[in-house]
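Encoded as structure tokens, the structure appears first; notes follow it.
What follows is calculated from the coordinates using simple rules that are stated; it is not laboratory data. Bear in mind the structure is a predicted one, so any value in this text is a computation, not a measurement.
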Amino acid sequence: MNETQLASFLLQGHSEAVMQLRLAGTVGTTILELLEQEHATIMMQLDDICGRPERDLAELRPGFLAVQMMLVAHSLAEERVLYARLKQHETSFKVALESGADHEMISRLLEDLSGLDLGREQWFTMARSLRDLVQQHVETEESEVFEKARDLFDQAELKVMAADMRAEANRILLAVA
């Protein structure tokens, strides 16, 4: 299954969350500011889901589906816009490649969480693993990847990339909505 097919599978039927993501970010922000906003939103939702083990899984499902949709669209758009540009430079190629590998692990965990009939304990264990992996990825990205991006691109380029990322996320969401 290629990345577009995986995104389509994971995002089917989540129109409310799709609209939320499509409206994310404001005009004039850089891609780094946009990513920080999305990271904060995603982490807040993951913390909420993982912090409610007393809740029935059915009650948590809409929140999980929303964060799943956001992570998939965010990761694919980020890969196609920021990482693609970083991979063009020898000084940032490795960090972009490693961060892309994180996205693949996150996608696999999302697929496991959404596709398996897991017991309550196992589901929460995997959800916490997902949260921890995303948190580690965000910390690395916001330090190492962002540093490379700031070194390579000026503010104008970073603002264009933000617009490109919004457009790419919209394309992804429209393709699967």
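By its C-alpha gyration tensor, with a ≥ b ≥ c as the square roots of the eigenvalues, how is the range 31-177 shaped: rounded for a/c under 1.5, else prolate for a/b larger than b/c, else oblate? The shape class here is prolate.
How would the range 97-145 be classified by its alpha-carbon gyration tensor: rounded, prolate or oblate, with rounded meaning a/c under 1.5 and the a/b versus b/c comparison settling the rest? Judged from the Cα gyration tensor, the range 97-145 comes out oblate (a/c at least 1.5, b/c at or above a/b). For the range 36-177, the relative contact order works out to 37 percent when only alpha carbon pairs closer than 8 Å and six or more residues apart are counted. The slack in the chain from residue 98 to residue 156, taken as 0.36 nm per residue of separation less the alpha-carbon distance, amounts to 18.3 nm.
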